[in-house]
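The values are calculated or read from the model by the stated rules, or taken from the named source; none is laboratory data. In this text the structure is predicted, and so the values were computed from the model without any measurement. With ideal geometry, Cβ positions are generated from the backbone for all residues, glycine too; neighbour counts draw on all protein chains shown.
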Amino acid sequence: MSVIATRDLAKQYRKIQALRGVSINVDPGHIYGLLGQNGAGKTTLIKILLGITNLTSGDAELLGQPAGTANVRRRIGYLPEDHRFPDYHSGWSLLDFYGGLLSVPRGERHRRAEEMLELVGLKGRMHYKIRTYSKGMKQRLGIAQAIFHDPQVVFLDEPTDGVDPVGRREIRAIMQQLKDQGKTIFLNSHLLSEVELICDHVGILQRGELIREGDIKELTELQGFFVLGLAPGQTLPRDDLARQGYTATPSGEHWEIGVKDGQNIDPVIDLLRARGLSVRHLVEKRQTLEELFIETVEEAEPGVDRPMPRKRK
Amino acid sequence: MKYFAILKDSFREAIDTKVMYFTLGLSILVVALIGSVRFRLVTAEEQFTRAAGTLNWVLGMAMPGKAPHYAVEDFKKLNPSGQPWESNYSFTYVIELPDEKSVEEAKRAGLVPTANQLHEQFGRIPWVEQIEVNEAKTEKPTEFRYRIETKGSKATDRRAWTHEPQLFFGAVPLTWFQGRLDHQVEFITDWLIGTFGAAIMMLLSTVITAFFIPNMLRKGAVDLMLAKPIHRTTLLVYKFIGGLTFMFLNTVVIMSGIWLVLGLQSHLWVNGLLLCIGIYTFQFAIFYAVSTLMAVLTRSPVVAILTASVLWGLLLLIGYGYRAIDALRPEKLEARMPFKKKVIDVDEKQGSEDPNAPPEIRALPRWVYVTVDVIHFVTPHYKDLDKLTTKLIRSDLIDPAGKEREALDKEVGSINWTESLSVTVTFIAVMLGLACWRFATKDY
């Protein structure tokens, strides 16, 4: 059963159609990355799932129950984008306050608050006012409050925004740890390299429409291309390969070998060995997520991410 | 647990903005200032001597060199063991003129009163029950002596006796404010605290609490709250109750503090002050409900403060206006007339042209009464609650069998409390209901 499920979800803000028939399913224990340009509808989708925004049509379910109910919210954690914590709190008192709203008993609240703040590296500053925290520290605190009550599903909207590379790595480690514990994570991020490193599934939203979705490995795989490298000083027999129906194009120090449908790479290896050549590098070529994203967005609506031409007066 | 979490959060916010310290500091300062007031019992001798001294001072200014000199001599308390208000007193009242020439002139000007005139003058002293004034012999032609004896006292206890308030533990005597102890305590409790103080407290609390909800609804903050497992209506109602609790606790500090220090100093325990805590909180609920609605609609504390303040002014205006117009109803005008006059209903008749007709009073056009009635009916009856606090405070201080008490009871008794309370509660419920509805249905 899906932990997060939407069917033909639509949201209309007066004249703006923020979401158009979005249907997604996220399985338990998975990390789902939702990609999209600014204003694509990513945050709206999360807000509908949490009941912060009302849906216009369609269905949305969380943990098998209608999305947005108080009972469901007890089992989810959320870090919003551009969050603003009440700065009169310290990191510790904020977690204590949110714990109170989540009906976590006092003793457990205090214990969990320390644990969580230690996990995100804020224990040393936990009694300082939030207004003295850097952006990265606030982001870490955001992660701490999202996972404070041991939720089953965690929604993270741009969790690494403003965090330094070391902090990002730590946040990735926390996400991995949550995944290992069987938690489901729904991630909105612009940092595609981050998403690529951590997510199992991704969906791409374009102007409120889910234009692509799937397993990240499958999506980034390029069928029929391999990157091959020979020992230094050796030359690739391109003509022989061409005669067998393979294409070979130089790619830096390596070669990109094109394999037609129905063929595989083994005959190429056999040929190279027969010629006494040593294969030092061989991998199936993949697209980066960024390439996939740009390509998908361009395909869906060519020119959409380019600046609008200026109107002449 | 959720309620206490929200309440604690509101307090943390108020403390952080330092306004809480300011309000608490102000409350403590007021309590300390009132606690520093000493009420010194003024003896009868002092009172008579002071009256003579005041006369000397006034006439000395008006007629320099020619003014008679008044003095109290040979003052005796006739039963020394009794309390001042239980004693009889005797003394000699001496009037001395600068020279013989001025005797006649002073008599003509009434500056040398006769025994009867003195009887009348001293009889006006509030606590004096009976007084005897007899002319006494004198050797000097420019001197007049009167033997005066008071018998019995209208003051049955300390509260009706003259006291002098002194600020800062007696360091600053307020001689000009000498008067009955209960009147002084009434001035402090009913006017200084019940009217002026309550108004400031209401305004300050409106300003402080007006930030609670807009801060919660700020972009980036509201998402965090709404993602928690708490219904929006519950959240807003808790926030509202949190604001009320803030006002309640603040009122408890100031009212119970004043009740205690004033009781210790004056031995008059104005228990009505404690009962007023609930009424002030209820009055505040009217403004805070409007402030909450505006906060939900606009997310602006400034708009919330302005709206609540304007409403406060409006309700006072409506309260005073209603009473003023109500007193001008034809039946009430007729009832009040010392002699019979005909009250004219201007909607029916434009006055009489008959010169022999009885004198007439014009009532207001009927639409004025209808308009005022409708406005008064649909708006919270803030002024009624004001009257109630006045009654609660004054009840402990005025004579239960006196005319003042009768008038007070009549005024408060004339209020339709079922209407007053139900309209006010309905107003609060409607404002809060609208705020909850908007908050529950709005996309954030």
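Go over the candidates B:242, B:170, B:197, B:179 one by one and state the one that is small (Gly, Ala, Ser) and either within 14 Å of chain A (Cβ to nearest Cβ) or touching a Leu at 6+ places or on another chain (Cβ under 9 Å) (or both). Walk me through it before giving the result.
Numbers: B:170 fails: either within 14 Å of chain A (Cβ to nearest Cβ) or touching a Leu at 6+ places or on another chain (Cβ under 9 Å) (or both); B:197 fails: either within 14 Å of chain A (Cβ to nearest Cβ) or touching a Leu at 6+ places or on another chain (Cβ under 9 Å) (or both); B:179 fails: either within 14 Å of chain A (Cβ to nearest Cβ) or touching a Leu at 6+ places or on another chain (Cβ under 9 Å) (or both).
Answer to the check: B:242.
Taking the stated definitions as given, is residue A:60 in a loop (DSSP other than H, G, I, E, B), of a type outside the set (Asp, Glu), touching a strand residue (DSSP E or B) at 6+ places or on another chain (Cβ under 6 Å) and touching a residue at least 12 places away in the same chain (Cβ under 8 Å)? Here the answer is no, as residue A:60 does not meet what is asked.
Can you report the number of residues in the range A:99-117 which are more than 7 Å from chain B (Cβ to nearest Cβ) and hydrophobic (A, V, I, L, M, F, W, C)? Talk me through it step by step, then tell me what you get.
To start, the set of residues in the range A:99-117 that are more than 7 Å from chain B (Cβ to nearest Cβ) comprises A:99, A:104-117.
Still in the list and also hydrophobic (A, V, I, L, M, F, W, C): A:104, A:113, A:116-117.
Selection size over the range A:99-117: 4.
Inspection of the range A:269-278 identifies no residue that is loosely packed, with under 15 Cβ neighbours inside 10 Å and modelled with pLDDT under 90. The lone criterion from (1) assigned to a loop (DSSP other than H, G, I, E, B); (2) facing another protein chain (nearest Cβ under 7 Å) left unmet by residue A:68 is number (2).
Could we say that residue A:96 is surrounded by fewer than 22 Cβ atoms within 10 Å (Cβ to Cβ), more than 7 Å from chain B (Cβ to nearest Cβ) and under 20 Å from residue B:216 (Cβ atoms) here?
Numbers: surrounded by fewer than 22 Cβ atoms within 10 Å (Cβ to Cβ): yes; more than 7 Å from chain B (Cβ to nearest Cβ): yes; under 20 Å from residue B:216 (Cβ atoms): yes.
The answer is yes for residue A:96.
Among the residues of the range A:19-48, those identified as within 10 Å of another protein chain (Cβ to nearest Cβ) and touching a residue at least 24 places away in the same chain (Cβ under 8 Å) are A:43, A:44, A:46, A:48. When residue B:102 is tested against (1) modelled with pLDDT of 85 or more; (2) surrounded by 18 or more Cβ atoms within 10 Å (Cβ to Cβ), just one condition goes unmet, and that condition is (1).
Annotation: residue B:63 fulfils all but one of (1) more than 14 Å from chain A (Cβ to nearest Cβ); (2) among the hydrophobic types (A, V, I, L, M, F, W, C); (3) free of Cβ contacts under 8 Å to residues at least 24 places away in the same chain; (4) within 21 Å of residue B:247 (Cβ to Cβ); the unmet one is (4).
Hey, can you tell me all the residues within the range B:1-31 that are β-branched (Val, Ile, Thr) and not in a helix (DSSP H, G or I)?
Going residue by residue through the range B:1-31, those that are β-branched (Val, Ile, Thr) are B:6, B:15, B:17, B:19, B:23, B:28, B:30-31.
Residue satisfying the conditions is B:17 alone.
Across the range A:146-167, the number of residues qualifying as farther than 16 Å from residue A:52 by Cβ and aromatic (Phe, Trp, Tyr) comes to 1.
Quick check: anything in the range B:213-222 surrounded by fewer than 24 Cβ atoms within 10 Å (Cβ to Cβ), touching a residue at least 40 places away in the same chain (Cβ under 8 Å) and more than 14 Å from chain A (Cβ to nearest Cβ)? Within the range B:213-222 (the criterion being surrounded by fewer than 24 Cβ atoms within 10 Å (Cβ to Cβ), touching a residue at least 40 places away in the same chain (Cβ under 8 Å) and more than 14 Å from chain A (Cβ to nearest Cβ)), the answer is no, since none of the residues qualifies.
A Cβ distance below 6 Å, combined with a sequence gap of six or more or placement on separate chains, defines the contacts here; from the range B:122-135, residues that are under 21 Å from residue B:162 (Cα atoms) reach residues that are among the polar types (S, T, N, Q) and surrounded by 13 or more Cβ atoms within 10 Å (Cβ to Cβ) in the pairs B:127/B:153; B:128/B:150; B:129/B:153; B:131/B:150. I'd like to verify a number: residues in the range A:239-262 that are exposed (fewer than 15 other Cβ atoms within 10 Å of the Cβ) and either in contact with a strand residue (DSSP E or B) (Cβ under 8 Å, 6 or more places away or on another chain) or under 19 Å from residue A:287 (Cβ atoms) (or both), how many? Number satisfying all stated conditions: 8.
Among the strands (runs of 3 or more DSSP E) lying completely within the range A:186-260, list those that include at least 3 residues that are under 26 Å from the mean Cα position of the chain (by Cα) and modelled with pLDDT under 90.
Numbers: elements: A:201-206, A:209-215, A:221-230, A:247-251, A:254-258.
Ranges flagged: A:221-230.
Scanning the range B:407-444 for residues that are under 30 Å from residue A:44 (Cα atoms), away from chain A (no Cβ under 14 Å) and not in a helix (DSSP H, G or I) yields no hits at all. One residue stands out among those in the range B:11-32 that are at pLDDT below 85 and crowded, with 18+ Cβ neighbours inside 10 Å: the one that is farthest from the other protein chains (Cβ to nearest Cβ), which is B:23.
From the list B:48, B:75, B:39, the one residue that fits, being over 30 Å from residue B:301 (Cα atoms), assigned to a strand (DSSP E or B), touching a Phe, Trp or Tyr at 6+ places or on another chain (Cβ under 7 Å) and touching a residue at least 12 places away in the same chain (Cβ under 8 Å), is B:75.
From the list A:79, A:55, A:50, which residue is within 27 Å of residue A:217 (Cβ to Cβ) and among the aliphatic types (A, V, I, L, M)?
A:79
One residue stands out in the range B:393-408 among those that are closer than 15 Å to residue B:259 by Cβ and touching an Asp or Glu at 6+ places or on another chain (Cβ under 8 Å): the one that is surrounded by the fewest Cβ atoms within 10 Å (Cβ to Cβ), namely B:394.
Table: residues versus (1) within 14 Å of chain A (Cβ to nearest Cβ); (2) hydrophobic (A, V, I, L, M, F, W, C).
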| residue | (1), (2) |
| --- | --- |
| B:229 | yes, no |
| B:260 | no, yes |
| B:286 | no, yes |
| B:326 | no, no |
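Kindly list the number of the only condition in (1) among the acidic types (Asp, Glu); (2) surrounded by fewer than 15 Cβ atoms within 10 Å (Cβ to Cβ); (3) within 20 Å of residue B:178 (Cα to Cα) that fails for residue B:74. Residue B:74 satisfies all of (1) among the acidic types (Asp, Glu); (2) surrounded by fewer than 15 Cβ atoms within 10 Å (Cβ to Cβ); (3) within 20 Å of residue B:178 (Cα to Cα) except (3).
Could you list all residues from the range B:200-212 that are within 12 Å of chain A (Cβ to nearest Cβ) and farther than 16 Å from residue B:5 by Cα?
Kept after step one, since they are within 12 Å of chain A (Cβ to nearest Cβ), are these residues of the range B:200-212: B:211-212.
Listed by number, the list holds a single entry, B:211.
Does residue B:80 count as modelled with pLDDT under 85 and under 22 Å from residue B:46 (Cβ atoms)? So residue B:80 fits the description; yes.
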